[in-house]
Amino acid sequence: MLVQGQEAATMRLNANTLLQGKKVVLVPYTSEHVPRYHEWMQSEELQRLTASEPLSLEQEHAMQHSWREDADKCTFIVLDAQQWRAQPGSAEEGCMVGDVNLFLTDPGDPTVAEIEVMIAEPSCRGRGLGTEAVLMMMAYVSKLGLTRFEAKIGQGNEASLRLFQKLHFAQVAVSDIFQEVTLHLTVSEPERQWLLEQTCHVAEKPYRASAAEPH
């Protein structure tokens, strides 16, 4: 279990971490990813699905910096592993397909977190990339003592609802006011073993030094 005062260190551990799976590669969200991310968030569909307001490029850079420094948030950019392997050493911007985020939501209980995933590139949806990204994120942070995950999905977002239900999340609430469904997953010992089995192929590596940003 996490102890008070450790969150700042633990939730920023991914600043120099790359996670390589079969379908996706997860890398820290850096300033080089912001222009592509900004392009995605001009989409009215993505604004609706993520309940987001459009930002200027300058505001998006400021948001990326605040996310990076936020002790209660862990963010990875999702890369298409096939494209990434085919273009070693090239700019990651061309391999970006989305992001996966985790937030500590209860100041009194650092074992509980909200998780969300976005596959922004339409051509990359329905291929299991979001599923693997969520599994990889949960496996990565579970070693920090997180034992309960929460997902809040828009009522009309059937694809995301199916994704989380497939990952053993159970519906616990529906808000007609916010037009969203809340799902929970408690990581019991059987669930932890299942999660490890689903992610046993994942390799954790140091993120390339050139992408690291000054502290």
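The values are calculated or read from the model by the stated rules, or taken from the named source; none is laboratory data. Keep in mind that this is a model prediction, so the values were computed, not measured. Note that each Cβ is placed from the backbone with ideal geometry, even for glycine, and that neighbours are counted across all protein chains shown. Please note that ligands, DNA and RNA were not included when accessible areas were found on the heavy atoms of the full protein model with its side chains. Shrake-Rupley method; radii C 1.70, N 1.55, O 1.52, S 1.80 Å.
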Could you tell me whether the range 139-152 includes any residue that is under 16 Å from the mean Cα position of the chain (by Cα), open to solvent by 30 Å² or more (accessible area, probe 1.4 Å), closer than 30 Å to ALA91 by Cβ and of a type in the set (Asp, Glu)?
no
Filter the range 1-47 down to residues that are within 23 Å of ALA91 (Cα to Cα) and among the acidic types (Asp, Glu) and give me whichever is modelled with the lowest pLDDT.
GLU39
Filter result for the condition that a residue is out of contact with any Phe, Trp or Tyr (no Cβ under 8 Å at 6 or more places or on another chain), within 19 Å of GLU150 (Cβ to Cβ) and either outside any loop (DSSP other than H, G, I, E, B) or open to solvent by less than 10 Å² (accessible area, probe 1.4 Å) (or both), over VAL78, VAL117, VAL100
VAL117
For SER123, the lone unmet condition from (1) within 24 Å of GLN42 (Cβ to Cβ); (2) among the small types (Gly, Ala, Ser); (3) touching a residue at least 12 places away in the same chain (Cβ under 8 Å); (4) surrounded by fewer than 20 Cβ atoms within 10 Å (Cβ to Cβ) is (3)
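In the range 164-187, how many are part of a strand (DSSP E or B) and open to solvent by less than 100 Å² (accessible area, probe 1.4 Å)?
Filtering the range 164-187 for residues part of a strand (DSSP E or B) gives 170-175, 180-186.
Of the ones still in play, those that are also open to solvent by less than 100 Å² (accessible area, probe 1.4 Å) are 170, 172-175, 180-186.
Residues in the range 164-187 being part of a strand (DSSP E or B) and open to solvent by less than 100 Å² (accessible area, probe 1.4 Å): 12 in total.
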What's the number of the condition HIS65 fails, among (1) open to solvent by 10 Å² or more (accessible area, probe 1.4 Å); (2) assigned to a strand (DSSP E or B)?
(2)
Can you tell me which residues in the range 120-162 are of a type outside the set (Gly, Ala, Ser), under 18 Å from TRP84 (Cα atoms) and not in a helix (DSSP H, G or I)?
GLU121, ARG125, ARG127
Quick one: PRO190 ticks every box in (1) assigned to a loop (DSSP other than H, G, I, E, B); (2) of a type outside the set (Val, Ile, Thr); (3) more than 22 Å from GLN20 (Cα to Cα) except a single one, so which number is it?
(1)
Test for GLU197: is it under 20 Å from TRP40 (Cβ atoms) and either part of a strand (DSSP E or B) or more than 18 Å from the chain's Cα centre (by Cα) (or both)
no
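Can you work out which of the residues in the range 19-43 that are among the polar types (S, T, N, Q) and touching a residue at least 24 places away in the same chain (Cβ under 8 Å) is least open to solvent (accessible area, probe 1.4 Å)? Break it down stepwise before answering.
Keep residues of the range 19-43 that are among the polar types (S, T, N, Q), which gives 20, 30-31, 42-43.
Add one more test, that the residue is touching a residue at least 24 places away in the same chain (Cβ under 8 Å), and what stays is 20, 30-31, 43.
Details: GLN20: 36, THR30: 9, SER31: 52, SER43: 38 Å².
The residue in question is THR30.
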